[in-house]
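Some notes on the structure that comes next.
The values are calculated or read from the model by the stated rules, or taken from the named source; none is laboratory data. The structure displayed is predicted, hence computed values, not measured ones. Methodologically, a virtual Cβ is constructed for each residue, glycine included, from the backbone with ideal geometry; neighbour enumeration extends over all protein chains shown.
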Amino acid sequence: NQTILTRSELAEIDKKHYLHPTTPPKLHYLQGPSTIFSEGKGVYLKDIEGKERIDGVSMLWNVNLGYGNEELAEAAKEQMLKLSYSSSFSGQSNEPAILLSQKVASLAPGDLNVCFFTSGGSESNDTAFKLARFYWKLKGKPERTKIISLEQSFHGVTVGATSATGIEGFQNFTTSNAPNFLKAEAHALEAELGDKNAPNYSRSIRGVIEAEGADTIAAVIVEPIQGAGGVRFPPEGYLQAVRKLCDEHGILMIADEVICGFGRTGKMFGVENYEVVPDFLCVAKGISSGYAHLGAVVMREHIREVFVKSDEMMFHGFTYSGHPMACAVGLKNLEIIERDQLVENSRIRGEELLRGLKFLESNFKHVTQVRGLGLLAGIELLKDPENGVPFDPTDHAAARYTEICMNLGLQLRSFDWKGTNTVALAPPLIITKKQVEDMINIMSDALIAFE
Ligand code: PLP
């Protein structure tokens, strides 16, 4: 399937016929695609001009097994030839979906034992919101419909998921201001612990619950570590405090593990770092390492118990819920993660990555606030870290820096919003010690060019 078109021919077609996600249309129409990827193997990506780069962010934090994995390709091919598609509606099922539900249940903490399959993260979160509301309806409390989420959170782009998303830019053209989606300040630990004198108490989850009345709240959704919000870690004890708060008020807790799930943070799930078991755990990305469109909502036994006691069903499901090929790929992906001890690799390589980033912080003036857990890390770029002076917003410092990294052979992600200039790192879980060193060396060279 070798392409016979040149880069500029492809770029012309792209400009005319392809509207890209989260891409300024005018700029794209003028300039065409920034990169046209053509190949990937392991942690390396190649573009159509043959330039090779390390993927230091697993593309969209999802390609956890790296590119070109033959076992995953084989699993997909085998399943496509055996049974390419079957529906999961009206109780119909297929073997890969059944086995994947069992596998995910065995990996998920506590009694998170029941899976609803989706095609991705936004669908998982939307499904969790509906399941939470369905649960409350069956419990005789249909007025519990509100969903509380955090500022700077990212939960996806379907209407429900966007409504929960706390990053303002995403909130256009949706029901973001609907009364049943409420925002709370992120990581307001003291307030969540009950300290009424805490700053912004009224804006905390606890404050919002008190203002609205607990008996109107269906669920609280949190990312264990905020990803697109800027790789923001919660303060020590925060997730536990949210769990306790939910328990106090009988509110369901949803953990959005779309990034953290399946080894990213050095544990199988992000919540395990905080010893918390949510009522719903939403996954996608790492469940298939990006080889298939797959996601799931994993729920606890007490949720299922309520569902199975009733004669009612929820009208909800996607054509691709429990897609046999996607589930076969997911199953093989999880088998490889376990067999090759990639969660452990994430932990060990993550420690090396963090040490490397701290080295950059000590040696380069603009690098600050280095943080990381497993293979999920972030740094801030500040003009003058000592005096807390940020770069001018028009400088788009993080984007400028990642562009330099890109040219030197390393793909990263930048988030330049709300006066912060964050660079995110999340390399594939298969990365080696040497490749981590290569990443740091490129980042170091890029910092010399940046300064
Ligand atoms: N939740 C989180 C935490 C995410 O980071 C993302 C995507 O980046 C999503 C949900 C949405 O997932 P998807 O793009 O698969 O719909």
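If a residue has to be under 19 Å from VAL283 (Cβ atoms) and part of a loop (DSSP other than H, G, I, E, B) to count, how many in the stretch 235-254 make the cut?
So the count comes out to 0.
Could you tell me which residue of the stretch 360-376 is surrounded by the fewest Cβ atoms within 10 Å (Cβ to Cβ), considering only residues that are in contact (Cβ under 8 Å) with a residue 40 or more places away in the chain and within 23 Å of ASP395 (Cα to Cα)? Walk me through it before giving the result.
Taking the stretch 360-376 and keeping what is in contact (Cβ under 8 Å) with a residue 40 or more places away in the chain, we get 360, 363-367, 371-376.
Then keep just the ones that are within 23 Å of ASP395 (Cα to Cα); that gives 360, 363-367.
On the way: LEU360: 17, ASN363: 10, PHE364: 19, LYS365: 13, HIS366: 20, VAL367: 24.
Checking each candidate, the answer is ASN363.
Which residue pairs have Cβ atoms under 7 Å apart, sit 6 or more places apart or on different chains, and have a first residue in the stretch 270-282 that is more than 23 Å from ARG304 (Cβ to Cβ) and a second that is assigned to a strand (DSSP E or B) and away from the ligand (no atom under 16 Å from the Cβ)?
none
Test PHE280 against the stated conditions and say whether it is aromatic (Phe, Trp, Tyr), surrounded by 24 or more Cβ atoms within 10 Å (Cβ to Cβ) and either in the same structural domain as LEU131 (by TED's automatic domain parsing) or under 17 Å from SER106 (Cα atoms) (or both).
yes
When residues of the stretch 18-74 are filtered for being farther than 19 Å from ASN345 by Cβ and part of a loop (DSSP other than H, G, I, E, B), how many remain?
Summing the residues that are farther than 19 Å from ASN345 by Cβ and part of a loop (DSSP other than H, G, I, E, B) in the stretch 18-74 gives 16.
Limited to the stretch 68-102, what total is found for residues that are touching a helix residue (DSSP H, G or I) at 6+ places or on another chain (Cβ under 9 Å) and among the aromatic types (Phe, Trp, Tyr)?
Result for the stretch 68-102: 1.
Determine if the stretch 255-270 includes at least one residue that is surrounded by fewer than 20 Cβ atoms within 10 Å (Cβ to Cβ) and assigned to a helix (DSSP H, G or I).
No, the stretch 255-270 contains no residue that is surrounded by fewer than 20 Cβ atoms within 10 Å (Cβ to Cβ) and assigned to a helix (DSSP H, G or I).
Look through SER119, SER86 and report the one residue that is within 16 Å of the ligand (Cβ to nearest atom) and touching a residue at least 24 places away in the same chain (Cβ under 8 Å). If you could, list the steps in order and put the result at the bottom.
On the way: SER86 fails: within 16 Å of the ligand (Cβ to nearest atom).
After ruling out the rest, the residue left standing is SER119.
Of the residues GLN152, GLN102, which single one is within 16 Å of the ligand (Cβ to nearest atom) and either out of contact with any Ser or Thr (no Cβ under 9 Å at 6 or more places or on another chain) or among the polar types (S, T, N, Q) (or both)?
So the residue among GLN152, GLN102 that is within 16 Å of the ligand (Cβ to nearest atom) and either out of contact with any Ser or Thr (no Cβ under 9 Å at 6 or more places or on another chain) or among the polar types (S, T, N, Q) (or both) is GLN152.
Quick one: is CYS260 within 19 Å of the chain's Cα centre (by Cα), assigned by TED's automatic domain parsing to the domain that holds SER149, within 16 Å of the ligand (Cβ to nearest atom) and closer than 26 Å to THR145 by Cα?
Considered against the rule, which asks whether it is within 19 Å of the chain's Cα centre (by Cα), assigned by TED's automatic domain parsing to the domain that holds SER149, within 16 Å of the ligand (Cβ to nearest atom) and closer than 26 Å to THR145 by Cα, CYS260 comes out as no.
Let's see how each residue does on (1) more than 24 Å from VAL271 (Cα to Cα); (2) in contact (Cβ under 8 Å) with a residue 12 or more places away in the chain; (3) part of a helix (DSSP H, G or I):
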| site | (1), (2), (3) |
| --- | --- |
| ARG133 | no, yes, yes |
| SER149 | no, yes, no |
| VAL157 | no, yes, no |
| SER163 | no, yes, yes |
| GLY166 | no, yes, no |
| LEU182 | no, yes, no |
| ALA191 | no, yes, yes |
| LYS196 | yes, no, no |
| ALA211 | yes, no, yes |
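Can you name every residue in the stretch 277-308 that is more than 16 Å from the ligand (Cβ to nearest atom), over 14 Å from ASN125 (Cβ atoms) and of a type in the set (A, V, I, L, M, F, W, C)?
Once the filter is applied, which keeps residues that are more than 16 Å from the ligand (Cβ to nearest atom), over 14 Å from ASN125 (Cβ atoms) and of a type in the set (A, V, I, L, M, F, W, C), the stretch 277-308 yields VAL277, ILE303, VAL306, PHE307, VAL308.
Sort through ASN172, ASN113 and tell me the only one that's in the same structural domain as ILE225 (by TED's automatic domain parsing), at pLDDT below 95, of a type outside the set (D, E, K, R) and away from the ligand (no atom under 11 Å from the Cβ).
ASN172
Going through the stretch 175-202 one residue at a time, which ones are away from the ligand (no atom under 16 Å from the Cβ), over 22 Å from GLY213 (Cβ atoms) and not hydrophobic (A, V, I, L, M, F, W, C)?
We begin by selecting, within the stretch 175-202, every residue away from the ligand (no atom under 16 Å from the Cβ); these are 175, 177-180, 182, 184-185, 188-202.
Of the ones still in play, those that are also over 22 Å from GLY213 (Cβ atoms) are 189-190, 197, 199.
Within the stretch 175-202, GLU190, ASN197, PRO199 qualify.
Under the condition of being touching a strand residue (DSSP E or B) at 6+ places or on another chain (Cβ under 8 Å) and not small (Gly, Ala, Ser), which residue from the stretch 246-257 is farthest from the ligand (Cβ to nearest atom)?
Keep residues of the stretch 246-257 that are touching a strand residue (DSSP E or B) at 6+ places or on another chain (Cβ under 8 Å), which gives 246, 249, 251-257.
Filter once more, keeping what is not small (Gly, Ala, Ser): 246, 249, 251-254, 256-257.
Values: CYS246: 19, HIS249: 24, ILE251: 20, LEU252: 17, MET253: 15, ILE254: 11, ASP256: 5, GLU257: 8 Å.
Among them, the one singled out is HIS249.
Take HIS28 and tell me if it is at pLDDT 95 or above and either within 16 Å of the ligand (Cβ to nearest atom) or over 26 Å from VAL436 (Cβ atoms) (or both).
Spelling it out, it is not the case that HIS28 is at pLDDT 95 or above and either within 16 Å of the ligand (Cβ to nearest atom) or over 26 Å from VAL436 (Cβ atoms) (or both).
With the checklist (1) more than 15 Å from the ligand (Cβ to nearest atom); (2) closer than 26 Å to MET314 by Cβ; (3) in contact with a strand residue (DSSP E or B) (Cβ under 8 Å, 6 or more places away or on another chain) in hand, flag the one item ALA128 doesn't pass.
Here ALA128 clears every test but (1).
I need a count of the residues in the stretch 377-403 that are assigned to a helix (DSSP H, G or I) and surrounded by 19 or more Cβ atoms within 10 Å (Cβ to Cβ).
The qualifying residues number 4.
Can you name the residue in the stretch 287-317 that is among the aliphatic types (A, V, I, L, M) and within 14 Å of PHE117 (Cβ to Cβ) and, of all such residues, is farthest from the chain's Cα centre (by Cα)? Can you show your working first?
Just the residues of the stretch 287-317 that are among the aliphatic types (A, V, I, L, M), to begin with: 287, 292, 294, 296-299, 303, 306, 308, 313-314.
With the extra rule that they be within 14 Å of PHE117 (Cβ to Cβ), the set shrinks to 287, 292, 294, 296-299.
Numbers: ILE287: 11, ALA292: 16, LEU294: 13, ALA296: 13, VAL297: 14, VAL298: 16, MET299: 18 Å.
Within the stretch 287-317, the match that is farthest from the chain's Cα centre (by Cα) is MET299.
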